[in-house]
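Here's the structure we're looking at; comments come further down.
The values are calculated or read from the model by the stated rules, or taken from the named source; none is laboratory data. In this text the structure is predicted, and so the values were computed from the model without any measurement. FYI the Cβ positions are ideal-geometry reconstructions off the backbone, even for glycines, and counts take in every protein chain you see.
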Amino acid sequence: MHEFAPRSSQASDRSGRAARVAALAVGLACSLVAAGCSRPRLPHAIVFITLDTTRADHLSSYGYGRPTTPALDRLAATGVRFARAVSPMPTTDPAHATMLTGLYPRTHGIRQNGERMARPNAETLATWARSAGYQTAAFTSRKYLRPSELALGGFDDETGPEDFARRGIETLAEARLWLRLHAHEPFFVWIHLFEPHWPYEPPATFGARFLAPGTTAVPRIRDLPAARPLPTELIATLVDLYDGEIAYMDALVADFLQWVGERLPADDPPLIVVVGDHGEAMGELEQRLGFAFDHGKWLYQGILQVPLVLHWEGRLPAGRVVEAPIALVDLAPTLFELLGVDGFSTQGWSRAPAILRRGTERDGRDGRGSYVYSERRELPAAYQRLVGATTQYAVQDAHHKLILSEPGRRSELYDLVADPGEMRDLADAFPAERDRLLAALDAWLADTPATVPGEGIAPEKIEALRALGDVE
């Protein structure tokens, strides 16, 4: 366990933080009364939980046939669930930096694991929270994901594993230790859970939960045979284990949120955000691409689409489902509008109108707010040969999705409503839809030039991340 001593520059400031939150809430309330409208006061606690490698369609609240996530199901049933939340890049560090800054990876500069922000002074949810009077802390479960490693500012305290990764129960134990010291003060806490990431080795009770009866040989993903395609029985068993990891993570989230709730004022419920960073291939690409598991290499929905649930008891509509797509870059501006604060400038659109059913989905903005963008920075050499391209981009709206491979501008078009598994490429059959999405993607690329990366990745980082399969 770590001891959490206040930094010297923060010690004198700590006593005034609760007062500043209260003053901000009072000032906000006064201004809103004067404007003739009503918005909630700032909560005592903001709990931001990120789920690594968690694809949305393996959560029972997203229609999965197995009861993998009873706790998150309850949270969604009494909160707001986004039916289609999309990662900007199916890689851990870039996606987390986007969630915390409201900037695309090509702008904040983290475009692969192990890199640091090209804009180290960029504002984050934590810098905003600190300025609003909250104590801030981060507890991560994978090595080199701590905010200081990514140059993400605003966190008073942080911990992460000394080894490559750690179980969520260890991460949450450190979060509890910190909260025992700080729960009486307004706090913003980021919890990162790594469970569903390979090697898919859940605790025994959860590992057995979804395995087929009579399963005795449990495969290790590190030992997959080189011969392809993989046997369907082997794929099915690994999917069972992946689901067991999700179920274990769900149980951890349930215990932690109950523990936090018992330490907060009954009339001041926390604002809870639960969101995935990216998904994971679960065998659906094996016959097509020889790619059964893992993420980061492709921009198909199983790898891009993640769960996103917001819960603020009594403040957000219970059971609301937002069907329109939301990008993770939209998360920060959405939270700011729900909280009734200005926050900071981002590249996303607030989706609060869709939550509160005010106005249009875009809230009067131009049509670009209807599109969600993702990218893959550079494909490894083996995949470059397979697809004949070095990089890929994706754009999707409420109905269609386009994947563009460059160079060569080879495009794939899918109808996500009729064909959610993206099995039928319609690029040639529907050229008007293809060209419409291509125009939107080209406009986004022109408006969002890539930032020159900062310093290179340290060799020791590359070695550790490679051991986890998180760097090429």
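When we screen V274, V341, V306 for residues that are farther than 23 Å from Y414 by Cβ and buried (at least 23 other Cβ atoms within 10 Å of the Cβ), the only hit is V274.
In the condition set (1) closer than 23 Å to L252 by Cβ; (2) within 21 Å of the chain's Cα centre (by Cα), L177 is compliant with all but (2).
None of R385, R357 is loosely packed, with under 14 Cβ neighbours inside 10 Å, assigned by TED's automatic domain parsing to the domain that holds L304, out of contact with any His (no Cβ under 8 Å at 6 or more places or on another chain) and modelled with pLDDT of 70 or more except R357.
Quick one: how many residues across the stretch 43-63 are over 15 Å from E245 (Cα atoms) and assigned to a loop (DSSP other than H, G, I, E, B)? Number satisfying all stated conditions: 3. Just one of the listed residues (R111, R130) is touching a residue at least 24 places away in the same chain (Cβ under 8 Å) and over 17 Å from the mean Cα position of the chain (by Cα), namely R130.
Each row is one residue, and each column tells you yes or no for (1) assigned by TED's automatic domain parsing to the domain that holds V239; (2) outside any helix (DSSP H, G or I); (3) among the hydroxyl-bearing types (S, T, Y); (4) under 30 Å from G283 (Cα atoms).
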{"residue": "D163", "(1), (2), (3), (4)": "yes, yes, no, yes"}
{"residue": "I169", "(1), (2), (3), (4)": "yes, no, no, yes"}
{"residue": "A175", "(1), (2), (3), (4)": "yes, no, no, no"}
{"residue": "W178", "(1), (2), (3), (4)": "yes, no, no, no"}
{"residue": "L181", "(1), (2), (3), (4)": "yes, no, no, no"}
{"residue": "E185", "(1), (2), (3), (4)": "yes, yes, no, no"}
{"residue": "I191", "(1), (2), (3), (4)": "yes, yes, no, yes"}
{"residue": "P196", "(1), (2), (3), (4)": "yes, yes, no, yes"}
{"residue": "Y200", "(1), (2), (3), (4)": "yes, yes, yes, yes"}
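Listed by position, the strands (runs of 3 or more DSSP E) enclosed by the stretch 367-449 that each have at least 3 residues that are among the polar types (S, T, N, Q) are 391-396. For T232, the requirement of being loosely packed, with under 14 Cβ neighbours inside 10 Å, in contact with a strand residue (DSSP E or B) (Cβ under 9 Å, 6 or more places away or on another chain) and among the β-branched types (V, I, T) is met. Restrict the check to the stretch 307-316 and report whether at least one residue is over 26 Å from A122 (Cβ atoms), under 21 Å from the mean Cα position of the chain (by Cα) and at pLDDT below 95. No, there is no match, as no residue in the stretch 307-316 is over 26 Å from A122 (Cβ atoms), under 21 Å from the mean Cα position of the chain (by Cα) and at pLDDT below 95. Filtering the stretch 158-197 to residues that are touching a Ser or Thr at 6+ places or on another chain (Cβ under 9 Å), under 16 Å from F48 (Cβ atoms), in contact (Cβ under 8 Å) with a residue 40 or more places away in the chain and among the small types (G, A, S) leaves G168, A175. Could you say whether any residue in the stretch 116-128 is closer than 30 Å to L211 by Cβ and modelled with pLDDT of 95 or more? No, the stretch 116-128 contains no residue that is closer than 30 Å to L211 by Cβ and modelled with pLDDT of 95 or more.
Of the residues making up the stretch 131-156, just one is outside any loop (DSSP other than H, G, I, E, B), buried (at least 21 other Cβ atoms within 10 Å of the Cβ) and charged (D, E, K, R), namely R142. Residues of the stretch 317-329 that are touching a Ser or Thr at 6+ places or on another chain (Cβ under 7 Å) and either closer than 22 Å to T346 by Cβ or part of a strand (DSSP E or B) (or both): L328, V329. Scanning the stretch 90-123 for residues being hydrophobic (A, V, I, L, M, F, W, C) and either in the same structural domain as Q392 (by TED's automatic domain parsing) or in a loop (DSSP other than H, G, I, E, B) (or both) gives a total of 5.
Residues in the stretch 408-417 that are out of contact with any Gly (no Cβ under 9 Å at 6 or more places or on another chain) and farther than 11 Å from R434 by Cβ: D415, L416, V417.
If you go through the stretch 82-97 one residue at a time, do you hit one that is over 25 Å from T451 (Cβ atoms) and in contact with a Ser or Thr (Cβ under 9 Å, 6 or more places away or on another chain)? No, the conditions are met nowhere in the stretch 82-97. If you check G314, G302, G279 for being within 25 Å of T140 (Cα to Cα) and in a loop (DSSP other than H, G, I, E, B), only one passes: G279. Check the stretch 402-415 and report whether any residue there is modelled with pLDDT of 95 or more, within 22 Å of the chain's Cα centre (by Cα), within 22 Å of E284 (Cβ to Cβ) and not aromatic (F, W, Y). There is at least one residue in the stretch 402-415 that is modelled with pLDDT of 95 or more, within 22 Å of the chain's Cα centre (by Cα), within 22 Å of E284 (Cβ to Cβ) and not aromatic (F, W, Y). Please tell me if T127 is over 22 Å from L257 (Cα atoms) and hydroxyl-bearing (S, T, Y). Spelling it out, T127 is indeed over 22 Å from L257 (Cα atoms) and hydroxyl-bearing (S, T, Y).
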